[in-house]
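Read through the structure below, which is laid out as structure tokens, and then see the notes.
Read-outs throughout are calculated quantities, based only on the coordinates presented, and are distinct from any laboratory measurement. Computed from a prediction, not measured in an experiment: that's the story for all the values here. Cβ placement follows ideal geometry from the backbone for every residue including glycine, while neighbour counts extend to all protein chains displayed.
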Amino acid sequence: MTSWLKWKVRKGELEMSPKIAVILAGFLVGAMCGCGKIPVTRYYQLQVPNETSSATVADPLPITVLVGPLKAAHLYREDRLVFGTETEEMGTYQEERWAAPPTEMIRELLWRTLRASHRYGAVNLLTSNSRGDYVLEGNLYDFKEVSGSMLVARMSMELELRDTKTGSIVWTHDYVHDEPVNEKDVAAVVAALDQNAQRCVNESEGNLFQYLSSHPKM
């Protein structure tokens, strides 16, 4: 073994040769400074309605709606933004993420939109001990960037309303829409996905209210 690689033991302490010390110091400086730009993770979220308004409906429907969880493939139960093509290929961004999984954000958007409408006696999230007249559930099939002849933000979701007394499905609503993306960057894709989600939830709420108002609870 060459002398510059030898470790010397003096008084119970390890002492390295000056040459080794210089080499290790260089490695430490390089590690602290880094050889390139440190990646920055960006997080995005969907806009939710303002519920501070004091506006009320003259005769809200005397029912309680419980908003249950949304089912989805594991990609939409994680926080990464999903992209794909018109073929079967899909992938996820590494540093571009949602603040929460899409299934959770869209569920909250549904819940808060129904509450903000003031059209129902009560709207709550479904829990193990919650009680209500109906449970609103669904499946999220697509919530992603799709590149092809044009760049779009695709969303497809199915909702269903279950009568808690009978257990039967009394209402369903399917939503499929491609929202054009104005610019080729992630922020523009997120804005288009948010706009698509708002359209989906508002359309679903209006359709749901139309059904419930014309089919009073017996």
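See the values below:
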quantity	calculated
Fewest-first ranking of 214, 147, 156, using other Cβ atoms within 10 Å as the exposure measure	214, 147, 156
Share, in percent, of DSSP beta bridges within the stretch 42-214 that are antiparallel, nearest 5	60
Qualifying trypsin sites (Lys or Arg not before Pro) in the stretch 123-218, DSSP loop, other Cβ atoms within 10 Å at most 13	131, 165, 184, 217
Positive-end residue of 180, 152, 136, charge dipole of the stretch 131-182 with Cβ unit charges	136
